Amino acid sequence: MIWADGAYAPIVGWVKAVCGWVLVLVHKPQGLRTFQVLPRRWVVERTFGWPNRCGRLSKDYERDTGSSEAMVHLAMIYFTLKHLCYD
């Protein structure tokens, strides 16, 4: 199961057909004008915010996209292991 923003509505069928996963969309309640934490959306936002803690990933320092991708992978491995070891 994958939680996603409402903007991913056009690919729900494709994700199910090609990958076999269930894409659950988190929609903003109708008529809401103020900020409200949406269920499961904070998990994605938090995870995308983790790499900004790494100095090398806070700006675009890499010349090659391959090394930039490798640094993102290393950072996410670090944060995931840290989360698993201390929780």
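Condition first: within 16 Å of Thr47 (Cα to Cα) and among the small types (Gly, Ala, Ser). Now tell me which residues in the stretch 57-87 satisfy that.
Of everything in the stretch 57-87, those that are within 16 Å of Thr47 (Cα to Cα) and among the small types (Gly, Ala, Ser) turn out to be Ser58, Ala75.
Identify all residues within the stretch 4-53 that are outside any helix (DSSP H, G or I) and within 18 Å of Met76 (Cβ to Cβ); write none if there are none.
none
Could you tell me which of the residues Glu45, Glu69, Glu62 is modelled with pLDDT of 85 or more, charged (D, E, K, R) and at negative phi?
Unique residue meeting the criteria: Glu69.
The values are calculated or read from the model by the stated rules, or taken from the named source; none is laboratory data. The structure presented is a predicted model; accordingly, all values stated were derived computationally and were not measured. Positions of Cβ are backbone-derived with ideal geometry, glycine not excepted, and every protein chain shown enters the neighbour counts.
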